[in-house]
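The values are calculated or read from the model by the stated rules, or taken from the named source; none is laboratory data. Quick caveat, the model's predicted, so the values are computed rather than measured. Methodologically, a virtual Cβ is constructed for each residue, glycine included, from the backbone with ideal geometry; neighbour enumeration extends over all protein chains shown.
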């Protein structure tokens, strides 16, 4: 036991009136030489005042601060100062001291450092009368959350959710917007004020979008969100996605999904990635959203297969990614600094090198070209090969030499015998990729732009043929070239606009 002379006894005023206050708490309050109240806005406080028991409240502190952190810090500092000055004080809070009372937690966290004994004197929380009033069985699972700092990730739509500290319409508005990230706007919620207090209790059930339009918010206001029964509400939950994929792979699931292996759906991963790229190139957010979902499905399937074999789960995938992101961004999550993207990339490369060393990979013994995925498209693979070679110092010093190399490879292709043309064409493409790098252009993106341009112009020719009622067999190259030039002019005018 410590021998500190300073002591703060914290008691709860309960959720109702004086008749519901435990005798021990009442006696502690009555005998207190120095009584402090977080707020006087509580039925018990008014009844105590009628008996001549008056404490000093912190209601004025709320008016001096724009956020709750400032309020709580000042209250706690004042309580420690009073305890140091007076030796022993009593601090009374609504409900139970250990239920939704941030100031009490702060007292407990700092008590030892301040050499002040913090004693929890108990009290009745608002939960008991709330469960009774709304006929909730907490064994079904419930969450008690703070409305002043509510986040969507805290909300479990399948559980009873009780949100406390909804002091006013501003907090209610923030709570509403956060809940709307999980529930539909019309979802019914119940707002309860002064639960269990005779003559003051108000209970209203309203659609979520009307939550902040009520007129009885205060220190004793709670918001109750019932468990969701409509499975569509769970569609935004990652846990539900995991469940669906597991069902698809189960004996009772889809025969096709059950038969798949990592190798059988290997190409699907590439195809879905390219469909995402297509949506990006088309600047189509709706398509991008859908295609990213298809790509995520591939990640989920591979993770589920690995889980079935006992290797890893999708949670391991997420954990590994989170750890890597934090580890490789010390300028964000650690002590390092990066004033620009170049320094951030240098940090990243340095950490990657340390990670390889920790895995026993001898970076010095590796080829300078190591680390490029083998299955990249050839054009992209060539681009990355050249970038790595350039980093090692194997590179042209002047772009004029690159142009000369392209011309040399073009001549060699023209002069090559038939059996060597494939190799010479590869050399020419490789040289063109090198030119793209010197021009600071991505060859994949450049070729993709040309492909789209070709499709637009060819489609113009097809439209002209449809307008004249003819087929390709009924025209000639000269006429098609004329239309091609028209398509170029039309495209140019569109770009100028």
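Structural remarks
- Complete set of residues in the stretch 308-335 that are surrounded by 13 or more Cβ atoms within 10 Å (Cβ to Cβ) and closer than 15 Å to residue 354 by Cβ: 324, 327, 328, 329, 330
- In the stretch 434-468, the qualifying residues are those that are touching a helix residue (DSSP H, G or I) at 6+ places or on another chain (Cβ under 9 Å) and in a loop (DSSP other than H, G, I, E, B), and the one that is surrounded by the fewest Cβ atoms within 10 Å (Cβ to Cβ) is 439.
- Hits in the stretch 149-172 - residues which are crowded, with 20+ Cβ neighbours inside 10 Å, at pLDDT 90 or above and under 22 Å from residue 103 (Cα atoms): 150, 162, 163, 164, 166, 171, 172
- Check on residue 56, farther than 27 Å from residue 112 by Cα, in the same structural domain as residue 81 (by TED's automatic domain parsing) and surrounded by fewer than 18 Cβ atoms within 10 Å (Cβ to Cβ): no
- Index of the failed condition, residue 396 passing every other in (1) in a loop (DSSP other than H, G, I, E, B); (2) under 25 Å from residue 422 (Cα atoms); (3) out of contact with any helix residue (DSSP H, G or I) (no Cβ under 6 Å at 6 or more places or on another chain): (3)
- Unique match (being assigned to a loop (DSSP other than H, G, I, E, B), within 41 Å of the chain's Cα centre (by Cα) and not assigned by TED's automatic domain parsing to the domain that holds residue 162) among 100, 92: 100
- Candidate set: the stretch 22-33, residues that are in contact (Cβ under 8 Å) with a residue 40 or more places away in the chain, surrounded by 15 or more Cβ atoms within 10 Å (Cβ to Cβ) and over 45 Å from the mean Cα position of the chain (by Cα); chosen: the one nearest to residue 201 (Cα to Cα): 29
- For the stretch 335-344, the tally of residues that are over 24 Å from the mean Cα position of the chain (by Cα) and in a helix (DSSP H, G or I) stands at 2.
- Scanning the stretch 420-439 for residues that are under 44 Å from the mean Cα position of the chain (by Cα) and farther than 22 Å from residue 397 by Cβ yields one hit, 429.
- Looking across the stretch 193-214 at every residue that is in a loop (DSSP other than H, G, I, E, B) and surrounded by 14 or more Cβ atoms within 10 Å (Cβ to Cβ), the one that is nearest to the chain's Cα centre (by Cα) is identified as 214.
- Among residues of the stretch 34-50, those that are surrounded by fewer than 19 Cβ atoms within 10 Å (Cβ to Cβ), over 20 Å from residue 195 (Cα atoms) and in contact (Cβ under 8 Å) with a residue 12 or more places away in the chain, counted: 1
- Considering residues of the stretch 139-148 that are surrounded by 14 or more Cβ atoms within 10 Å (Cβ to Cβ) and farther than 18 Å from residue 234 by Cα only, the residue farthest from the chain's Cα centre (by Cα): 144
- Scanning the stretch 345-370 for residues that are modelled with pLDDT of 80 or more, more than 23 Å from residue 432 (Cα to Cα) and part of a loop (DSSP other than H, G, I, E, B) gives a single hit, 367.
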